[in-house]
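The values are calculated or read from the model by the stated rules, or taken from the named source; none is laboratory data. Remember, predicted model here, so these are calculated numbers, not experimental data. Cβ: placed from backbone, ideal geometry, glycine included. Neighbour counts: every protein chain shown. Heads up: the accessible areas ignore ligands, DNA and RNA and are worked out on the full protein's heavy atoms, side chains in. Shrake-Rupley method; radii C 1.70, N 1.55, O 1.52, S 1.80 Å.
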Amino acid sequence: MPFHDDSIDTVTPENALLSAKFRRSFAYRTVQDRLPVTITRVIDHLVRDKDHIVKTFGEYTREELKEVIGSFSKLKNELQTNKPFTMLTSDGPDVTSWNTYYEEETEREGEEPRWFSTSLLYAECYVYRRIHEAFELSTSMKTFDPFCAQKKESFLRSLASVVLLGDYVQQQSQMRNLPQLEMKKELLQLVKVSLWGNQHDLSRPTGCELPEEPNPLEHIDHLHEHILIDDSECIWSTLSAAEKGNIIIDIVSDNAGYEIFADLCLADVLCTLSLADKVRFHVKALPWFISDTTKYDFCWLLQMLAELSEKSSSLPALATKWEQYLQSGRWTVEAEDFWTLPHPYSRMKATDHNLYIKLSEATLVIFKGDLNYRKLVGETNWLPTESFANALRGFHPAPLVALRTIKADLICGLQPGQAEMISSKSHDWMTSGNYAVIQFDGE
Ligand SMILES: O=P(O)(O)OC[C@H]1O[C@](O)(CO)[C@@H](O)[C@@H]1O
Ligand SMILES: [Mn+2]
C-alpha cells in the first residue's frame, strides 16, 4: 500500500503521536488490518441478522438496512484507499464538537486528516463514530447498537467468574467494622479484580479469551508479577484519609459484561467499607470500541443478575442492592458526550469545562482500560521513563488512577531498564493485555 511516506521513520519516534504512518507499529497494523475487519464484521452481522432486525424494527427497515450496509462498504473503501476524513452530517448532539475537531486537526496537520497519517486515536474514534452515523442517518435504526449481541454473549461466557466473584462480594458485604489493615487488603484486592477485568474486551485482535483461571481472586494472584507499576497504596491512602460524608468516586468505565460487573463489585466494596459516599459511573453515549459499556448495557447487566438466581442467590441480592443505590442516587450512571469524542484528556478543560469541573469534585477518579489510558497520556510515544504526571499534560482535575491492562504500544512511568527487561521476557507485552499498570496522580 502506498500510503506511508518513506521519508518517515518506520518505527514511532520518541514523543510522536501514535500513527499508522509509522509502518512498524501497532497503529499501522490496526488501521491496515484490524479496523477493516471491524467494519466487515458489522456488515456480516447485519446481513446475517437481517430478518431478526426487520422483525424488531419493522418492514421499512429492510430498505434502510441496504443503505446502511452500503455506507459501511463505502467507509471501508475510504479507509483502504486512504481518503481524507469528512465532516459528520448527522444531527447528534456531539456533531459540532466532532466537526470542530476535524477543522482543528486539519489546521494542525496542514491538510485534511487521513487514515494513514493522522493519529491512531483520531482514526479509531472516527471509525466508530462513522459506524454510528450510518445508523443515525436512518429513520428506523437511529440508536441501533451493532455490537450489542456480542457484548451479551461475552457476559454469558464469563458467568463462572461472575458467580465466583458475586458470591465473594456478597459474603464480604456482611462483614462490618473490619480493622484498617483488613479493609485495605479487601479494597486493594477488588482494585486488582477490576484491573484484570479489563482483559475482557472484544476489540482485541483475537477477541476476548477468557483467563484459564475462572476464579478472579485466584487469577489476580497469578498475575501479581505482571503489574509493572503498582500505585494501589495511593488509592488506599487517598480514600482512608478522606473526610467521611462527601467522598465522591468517579469511575470512567470501559467494557461491558464481566469488566463492568467487576467495577460494580469494586464500587460495592467501596460503599460497604464506607470509603465512598457516592459513586458516579461514566459510560458511553454510543456504541464504542466494540465492547464499551452504554447505559443500555449497564441496565441489561442488572436485569440479568436479577434473573440469575439458579446460578447463585448472590447475584439477585447484589442486583437488588445496586438498584437501591441507583434509586437513592448513591450511585449514578452518566453518559457525557466527551467520552466518545476523539480528544485527549488534556483538552477536556477547554472542550468540556463542565465535565472537568464535575470531575474536580471527586475524591478519586478511576480510569478503566487501555483507551482511557491512551487519552490520558495524549496518545504519545513517551519515553517509558517519562513521569505519569508530566504525560498527563496538565490534566489534573482531582487525584486520579488508571487501571489499565496494556494493549497499545505506549507507556510511561517505568523505572530505567524496566521496559528492556520486560521486552526480553515477552516480545508482545505492550499489546497482549497480559501486563498491567495501576498508575496514580495526586497533583
Ligand atoms: O477496552 P480497552 O481496554 O480500552 O481496549 C481497547 C483497545 O483496543 C484496541 O483497539 C487494541 O486492542 C486499542 O486500540 C484500544 O486501546
Ligand atoms: Mn473498551
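Excluding ligands, DNA and RNA, the accessible surface per residue across the stretch 99-140 is 34 Å² with a 1.4 Å probe.
Note on the chain: GNM, Cα springs under 10 Å; of Val377, Val11, Val365, the largest mean-square fluctuation is that of Val11. When both the stretch 304-361 and the stretch 68-104 are represented by their alpha-carbon centers, they are found 28 Å apart. Based on the alpha-carbon gyration tensor of the stretch 16-137 and its eigenvalue square roots a ≥ b ≥ c, which shape applies: rounded if a/c is under 1.5, prolate if not and a/b is larger than b/c, or oblate? The shape class here is oblate.
For the chain, modelled as a GNM whose springs connect Cα atoms under 10 angstrom apart, the maximal fluctuation among Asp145, Asp277, Asp44 occurs at Asp44. Charges were assigned to the Cβ only: +1 to each Lys and Arg, -1 to each Asp and Glu. The resulting dipole of the stretch 112-233 about its Cα centre is roughly 520 debye.
How many lysine pairs does the stretch 121-279 hold where the Cα atoms are under 22 Å apart and the two sit 8 or more places apart or on different chains? Count of close lysine pairs: 9. From the Kirkwood radius over Cα pairs of the chain, Stokes-Einstein at 20 °C and 1.002 mPa s returns a whole-number translational diffusion coefficient of 95 µm²/s.
Summary of packing: across the peptides 12-24, 216-228, the per-residue average of other C-beta atoms within 10 Å ranks them, highest first, as 12-24, 216-228.
Here, the stretch 215-282 yields an orientationally averaged convex hull projection of 5.3 nm² when only Cα atoms define the hull. Ranked by the mean number of other Cβ atoms within 10 Å of their residues, highest first, the peptides 46-53, 402-409, 69-76 come out as 402-409, 69-76, 46-53.
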